[in-house]
Each structure stands twice: as C-alpha cells, then as structure tokens.
Amino acid sequence: MGEDIKLMKGNEAIAEAAIRIGVDGYFGYPITPQSEVMETLMAKQPWDTTGMVVLQAESEIASINMLYGGGGCGKKVMTSSSSPGISLMQEGLTYLAGAEVPCLVVNVVRGGPGLGTIQPAQSDYFQAVKGGGHGDYSLIVLAPASVQEMADHVKLGFDLAFKYRNPVMILSDGVIGQMMEKVVLPSAKSRWTEEEIKELNPWATLGKPKTRERNVITSLKLQSDEMEEHNHKLQAKYQRMKEEEVLFEEFNCADAQYLIVAYGSSSRVCQKTVEIARDKGIKLGLLRPITLFPFPSDRIYELAQQVKGILSVEMSAGQMVEDVRLSVNGKVPVYHYGRLGGMVPSPSEVLKAVDEKLIGG
Amino acid sequence: MLEINDIIKPENLVYGKTPVLTDSVMHYCPGCSHGVVHKILAQVIEEMGIQEQTIGVAPVGCAVFAYNYIDIDWHEAAHGRAPAVATGIKRLLPEKMVFTYQGDGDLAAIGTAETIHACNRGENIVIIFINNGIYGMTGGQMAPTTIEGMPASTCPFGRTPERDGYPLKMSEILATLPGTCYVTRQAVHTAAHVRKTKKALVKAFENQKMRKGTSIVEVVSTCSSGWKMTPVNANKWMVDNMFPFYKLGDLKNE
C-alpha cells in the first residue's frame with residue numbers, strides 16, 4: 001500500500017497534523033492569513049474523535065493565556081495567529097517561557113508594521129528569535145519551507161516543547177500557509193492519558209495528591225538571588241538547545257564560492273535562484289536554517305572559510321542578516337537582499353542581487 | 001498548676017487550622033481581608049473533600065502568593081488573565097474544580113475582557129473577587145472600583161468622575177450575562193458575615209460540580225494600609241461608605 005498523500009494548504013496541514021498527533025487543545029482568534037487553521041479544526045470536530053478541545057477565544061491575549069492554563073496541566077496545547085495577533089501574545093509568551101510551560105504557537109507572518117498587509121512577509125524574525133516579550137528568554141523557532149514541513153513541525157514542535165519545557169514557535173508566512181502542496185500526514189497517535197501526563201510531566205497541575213508537594217506554575221521569584229538562579233537555569237537550557245537542536249538544509253554548498261542564507265518561503269525562491277546560477281556556471285549554494293533559534297551559526301562559520309561572500313535573502317528589511325554576520329564574525333562580506341510589505345522576490349531578482357552584491361561587490 | 005501542654009490535648013481542642021492551609025506565615029497586613037477569605041476557602045476545600053481535584057489560579061496583586069498558603073496545585077496568572085488561564089485548565093480537565101482568586105484591578109480593569117468573556121461562555125469555574133477599591137500591592141493607587149470621593153495615591157484628593165470616570169459595579173454587569181448562574185456580594189468583617197461568605201463559596205463550588213456555569217463571589221474588603229486607616233476604622237469606613245454603593249447580597253442565584 002502506498003503512502004496516503006493529500007493535497008492541501010499549509011494552514012490546513014497544521015490543523016490535520018494537530019488532530020493526528022494527539023494535541024489536547026487549540027485556542028485561537030481569527031486573523032488573515034491563517035484563519036483556515038481554526039476553521040479546519042472546527043469542521044473536523046475532533047472533540048468527537050480524539051477528544052481534542054477547540055475554542056475560539058475573545059482575543060489573542062486570551063488564547064495565549066488559555067495555553068498557559070492548559071500547558072501548565074501538562075496538556076499539548078497550541079494556537080495560531082498572524083503578526084498583529086502574535087504581538088498581542090508577547091505578554092503571555094514571556095510568562096510561558098518564565099514558568100517553563102510547553103506549548104506550540106504558529107505565526108503565519110504578514111507584512112507590517114502596524115496593521116500592515118495580509119500578504120506574506122518575514123519581518124517578525126526579530127520578534128520570534130530575539131524575545132519579543134520582556135526579560136531574558138528564548139523560544140525554539142522552527143521555519144517550515146513547505147506544506148509537508150508545516151505538518152511535520154507540529155510533531156517536532158511538541159517534542160521539543162516538552163523536552164525543554166519551553167514554548168515553541170513555528171515561524172511560517174502567508175506563502176507557506178496559503179499555498180497548496182502534496183503532504184503525507186503523520187500517523188495517528190492517541191492523546192496522553194492523565195496517568196501518562198503524571199509520569200511524563202511530574203510538574204503538571206492535575207490536582208495535588210497527598211503523595212507530593214503542590215505544583216505551582218509561576219514565573220515569580222521576588223528574591224533577586226532566586227530570580228538570578230532561575231535565569232541561569234533558563235540560560236543553561238537555551239545553551240543545551242544550541243548544542244543539540246540545530247537543524248538546517250544545504251543545496252549545492254559543497255563546492256560553493258558564493259552562499260545564500262534564506263529560510264521559509266524565501267528559501268524556496270532561492271533554491272530556484274541556485275539552479276539558474278548553476279546553469280550559468282556560477283558556483284552558488286544555499287543554506288536553509290530550519291531552526292532559527294537555535295541558529296546554525298557553526299555551519300555558516302565553516303562555510304565562511306570557503307565562500308567569497310554571503311547574501312541573506314529575507315522578506316524583511318534585514319533581520320536574520322544580523323545573525324548571519326554574527327556567525328561569520330567578519331570573515332567574509334555579508335549582504336542582505338529583501339522585498340518588504342508583502343512583496344515576494346522572484347528567483348531572477350535574487351540572482352541579480354547575487355550578481356551585483358556578491359560577485360560584483 | 002496546669003502546664004500549657006496539659007491543656008493542649010486532642011480532647012480539649014475546640015478549633016483547629018484546616019490542613020489545607022499551609023504553615024507559611026502570611027504576608028498580608030494586619031486587618032486585611034485576604035487572610036480571612038483564604039482561611040474559609042481552605043476550609044471549604046477541606047470540608048467538600050476536593051483538595052486533590054482543585055486547581056487555583058492566583059492573580060497579580062496582593063494575593064499573588066496565594067499559592068504559598070493554600071495547599072493545592074496553582075497557576076500564577078499574568079495581571080487580569082486568570083479567567084482565560086482557568087478556561088484553559090477547565091476545558092482540558094473538566095472533572096477538576098477550578099477557581100480564580102482576583103482583586104479589583106485585576107478583574108475589573110486590566111482583565112475586564114477576560115472576565116466578561118469567561119462568564120459569557122459560562123465557563124464552569126468559580127471566580128472569587130476581592131473588592132477593596134484600591135491597588136494594594138503597588139501601594140494604594142486608584143482602582144476601577146474606587147468609589148467617588150475616595151482618595152488614593154493617584155487621586156490624592158479623591159476620585160473625581162469628570163477626570164477619573166465612575167466606579168465600576170462589575171458583579172452587576174456579570175449578573176446580566178446568561179453564562180453566570182450565581183453572582184453574590186459578601187463581606188468578612190464580622191463573624192456572621194464570614195459564615196455567610198463561606199456558605200456562598202460552598203454554593204459556588206457546588207454549582208461547578210453540577211456544571212451550572214460561572215459563579216462569582218465578590219467580597220467587599222478592606223485595605224487598611226492602602227486606605228491609611230487602622231483595621232477597626234477601615235471596617236467602619238467600609239460599612240459606612242462601601243456598602244451603600246456595593247450592596248451586599250445575591251445579585252443572581254439560579
């Protein structure tokens with residue numbers, strides 16, 4: 001029997017995968033271009049099959065706090081939104097990170113700032129990767145580049161969220177959310193039972209039996225020495241992520257003289273750019289970060305010893321380019337090329353930038 | 001002569017602290033209503049036998065450390081977000097007993113949307129609402145429930161509606177929502193009132209067991225530090241000034 005291949009939108013793949021891998025709860029608020037996630041879930045009525053709860057909240061602020069409640073109980077909880085909605089969730093995200101509550105947040109990014117546009121962009125990189133809310137914290141940030149990865153990253157996201165007791169963000173965009181591709185959905189898994197949660201997540205608030213101390217989900221430590229200790233614990237966790245969880249993909253990097261670094265939908269455009277360049281005899285390669293935090297700094301540093309220059313291609317005014325520069329640490333020139341406000345660059349446009357900035361530069 | 005240890009014997013004990021209340025020394029100021037409400041809440045949890053099923057949601061404000069005093073599992077919510085946090089817990093653990101414990105700034109200012117929408121969905125939770133008309137934790141600033149003319153550090157000459165707006169009767173608003181089954185306003189300044197508030201809490205948790213919808217128990221409270229009064233004067237001021245505006249009794253009981 002062959003694989004069960006379906007054709008669907010990235011947003012629909014998120015919803016289908018969530019039901020299949022045994023997510024316990026989705027809480028969300030409508031916003032373009034990701035409303036299909038909740039619409040698909042509601043149409044599927046998973047409460048009748050897996051017992052998954054799906055609830056439309058009154059705001060993104062409420063959604064993320066419902067995640068704080070459900071995640072603190074050791075349940076697999078998720079939400080999805082787009083840029084302005086994710087801004088509203090920053091308060092909740094810093095509490096979740098501080099209190100070490102696992103959850104999955106999907107950002108189908110649109111152009112900003114402000115109300116911006118409903119067209120795709122990658123201008124929320126800083127917000128996702130550098131914090132967004134107050135305090136020293138990091139999210140694990142995954143950057144899918146296909147509908148298949150939208151589905152796969154739901155499971156990967158929850159695996160990492162519970163491994164590290166940390167919120168995970170899927171940083172997608174309007175292209176990946178809206179485009180249709182074939183996808184192999186994950187195999188069906190049942191939701192955790194309460195007994196399984198107790199065993200896997202002993203910190204979860206499921207009601208305090210006489211056999212243990214009470215569990216408290218909190219980010220508050222009023223004594224500064226205790227707060228510093230808690231911060232060090234979080235930082236050690238982020239360091240471990242950097243050592244163990246970096247994911248990336250390379251195209252034609254082995255003999256590359258010039259390198260593009262691009263993630264998500266930009267990486268799809270740049271893959272085509274590399275093909276065109278190779279046809280013309282230009283030794284261009286592409287490194288696609290799959291995790292944006294932790295960032296593939298070590299590999300980019302290695303490639304910097306080999307290439308003459310690096311171009312960071314993003315649908316933003318230049319955000320990831322800063323991490324590429326930090327990785328390269330001055331070894332070779334690093335440039336940025338991007339379109340803004342919902343514009344998606346074409347492969348030939350990117351090749352022109354490669355020619356002007358990298359080869360001619 | 002009798003030694004004290006001869007007197008403290010199980011057969012002589014007429015009153016004891018419920019084991020649901022921890023041995024931690026409370027940080028509340030003398031005369032504060034929180035301690036009394038914590039005590040009767042812990043008693044209710046013990047007497048109803050629900051300690052192992054109950055999950056509390058603590059607010060931002062003076063009761064932020066409620067989790068140090070009542071021996072159950074807790075979540076410490078961001079300011080105003082407790083009803084959304086409780087919604088997440090209760091929806092995923094419908095068999096558990098879930099309550100929020102919130103002050104007036106938390107419930108009636110920054111968390112107005114979360115409060116109204118949780119109640120309007122009829123979430124099967126209990127909301128305990130401590131209304132002392134002031135921000136205690138941050139040092140006595142004006143609250144949404146500060147009554148007209150009442151001074152606070154951000155309205156030192158008294159609340160002036162032309163500048164500050166009007167005090168908000170949140171329980172009256174919540175009583176109009178079809179999702180709420182029980183909305184009551186109580187106080188804990190006399191033994192009789194303490195008993196009534198305790199009964200209200202029992203009823204609220206029983207409603208939750210019967211899945212009747214949201215129950216709200218407002219407790220009109222004193223904040224002698226924030227009000228800059230002695231505990232005795234604070235009680236008298238509350239009776240004379242708060243009760244005429246925030247009338248005690250059931251606003252809804254279905």
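Worth pointing out:
- For the protein assembly as shown, the alpha carbon convex hull comes to 187 Å³ per residue, rounded to a whole number.
- The H on the amide N of B:V57, modeled in the peptide plane, is under 5 Å from the matching H of B:H75, B:F99, B:T100, B:Y101, each at least 5 residues off or on a different chain.
- With respect to chain A, whose longest principal axis is taken over its alpha-carbon atoms, helix A:264-279 is tilted by about 20°.
- Taking each of A:K280/A:K308; A:K6/A:K76; B:K17/B:K247; B:K39/B:K209; A:K76/A:K163; A:K76/B:K96 in turn, the alpha-carbon distance tops 23 angstrom for A:K6/A:K76; B:K17/B:K247.
- Whole-number Å³ per residue for the convex hull built on Cα positions in region B:49-93: 66
- Nearest 10 degrees, 0 to 90: helix A:147-164 Cα axis against chain A principal axis: 50
- Least to most buried among A:H153, A:H230, B:H117 (fewest other Cβ within 10 Å first): A:H230, B:H117, A:H153
- Eigenvalues of the alpha-carbon gyration tensor of region A:195-274, scaled by 5 and square-rooted, set the equivalent ellipsoid semi-axes at 44, 19, 11 angstrom, largest first.
- Cα Rg, Dmax, region A:4-195, angstrom units: 14.9, 46
- Nonlocal amide H pairs with A:C73, under 5 Å, H built at 1.01 Å: A:T205
- Over 31 Å between alpha carbons, listed pairs A:K221/B:K199; A:K75/B:K212; A:K155/A:K331; A:K198/B:K169; A:K210/B:K212; A:K130/A:K182: A:K221/B:K199; A:K155/A:K331; A:K198/B:K169; A:K130/A:K182
- Cβ-to-Cβ counts within 10 Å put A:V332, A:V324, A:V77, B:V64 in ascending order as A:V332, B:V64, A:V324, A:V77, the fewest first.
- Along each principal axis, Cα extent of region B:109-254, largest first, Å: 46, 34, 25
- Choice from B:E11, B:E172, B:E114 with maximal GNM fluctuation in chain B (Cα, 10 Å cutoff): B:E11
- Percentage, to the nearest whole number, of Cα pairs in region B:11-158 over 21 Å apart: 47
- Proxy reagent accessibility, fewest Cβ within 10 Å first, across B:M242, B:M1: B:M1, B:M242
- P(r) weight above 33 Å for chain A, C-alpha pairs, percent: 29
- Global form of chain B, assessed from the alpha-carbon gyration tensor, a/c cut-off 1.5: oblate
- Whether region A:249-359 is rounded, prolate or oblate, judged on the alpha carbon gyration tensor where a/c under 1.5 counts as rounded: rounded
- P(r) of region B:144-194 over all Cα-Cα pairs, binned every 10 Å from zero, in whole percent: 21, 31, 35, 13
- Dividing the helix sum by the residues of the protein assembly as shown, where each DSSP H run of 4 or more adds -39500 (n - 2.57), gives a mean residue ellipticity at 222 nm of -10500 deg cm²/dmol.
- Note on region A:116-255: Rg/Rh from Cα positions, Kirkwood definition for Rh, rounded to two decimals, is 1.03.
Only the coordinates and a few stated rules stand behind these numbers; no lab work does. Every value quoted in this text rests on a predicted model; they were computed, and no experiment measured them. Please note: Cβ atoms are built from the backbone with ideal geometry, for glycine as well, and neighbour counts cover all protein chains shown.
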